[in-house]
Amino acid sequence: MRTKKAKRYDEHIDREIEKSVARFSERLMSNSKWVRLIDKLVDGSDKIEKIEFKKVQSKGVGELYLTEDTTYGFDYWQNGFEGHNSLGGWLIFKEIEFLLFPKTVKAEPLKEQNLSMISKLIESVGLFDLEITDDYTKLICYK
C-alpha cells in the first residue's frame, strides 16, 4: 500500500510535467502509441545502437537503454518505465519531448547506426512526426 507521502510526491511530479507540457501547442503521442513504439524498438534493439531523449521539464538530454532482453510487460508500462535510462528512475511517456537517434554513435573509432533502417522501423508502427537529417532521426513528441 502506498503512503500518503508517496502519493503527494507522484501528484507533485505529475503537476510539474503538466506545467512543462503546457508550453507546447500540440501533443503528438499517446500512451498506447508509446507502448507500440517501445515494443518495436525492443524487437529491433539489435539494429539500434543509441537512443537519446529529452524530458519536457529539463534542458539535459539522457540516453535510453533498450535491449532485446528488456522486460516491459508490467502494468506500469502503460504509462512509462523504470531504470532504462541514463538519468535513472522512472521515465513517464508524457514527459518525453523527443527521441533522437544520432548517426554517429562513437567518434573514435567511428561507429554509426543506420538511420534509414531506424526511420523505417519507427514508421512501421504508425504515423509519427519525424525530423530526418543526414546526422540524426528525431521523433518529435510535442510541438
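The values are calculated or read from the model by the stated rules, or taken from the named source; none is laboratory data. If you're wondering where the values come from, they're calculated on a predicted model, not measured in any experiment. Here the Cβ positions follow ideal geometry from the backbone for every residue, glycine too, while neighbour counts run over all protein chains shown. The accessibility values were calculated without ligands, DNA or RNA, using every heavy atom of the protein model including side chains. Shrake-Rupley method; radii C 1.70, N 1.55, O 1.52, S 1.80 Å.
For the chain, averaging the sequence separation of C-alpha pairs within contact (under 8 Å, six or more residues apart) and dividing by the residue count gives a relative contact order of 27 percent.
To the nearest 0.05, what FRET efficiency results for residue 136 and residue 18 with a Förster distance of 22 Å applied to their C-beta separation? Calculated transfer efficiency: 0.20. Accessible surface computed residue by residue for region 33-143, with neighbouring protein chains in place and a 1.4 Å probe, gives 53 Å² per residue.
Computed in the context of the full set of protein chains, the accessible area of the chain at 1.4 Å probe radius has 50% of its extent on carbon or sulfur. In order along region 47-61, the Karplus-derived 3J(HN,Hα) couplings, from 6.51 cos²θ - 1.76 cosθ + 1.60 at θ = phi - 60°, round to 9, 10, 8, 8, 10, 10, 9, 10, 8, 5, 9, 8, 8, x, 10 Hz, and Gly and Pro are given as x.
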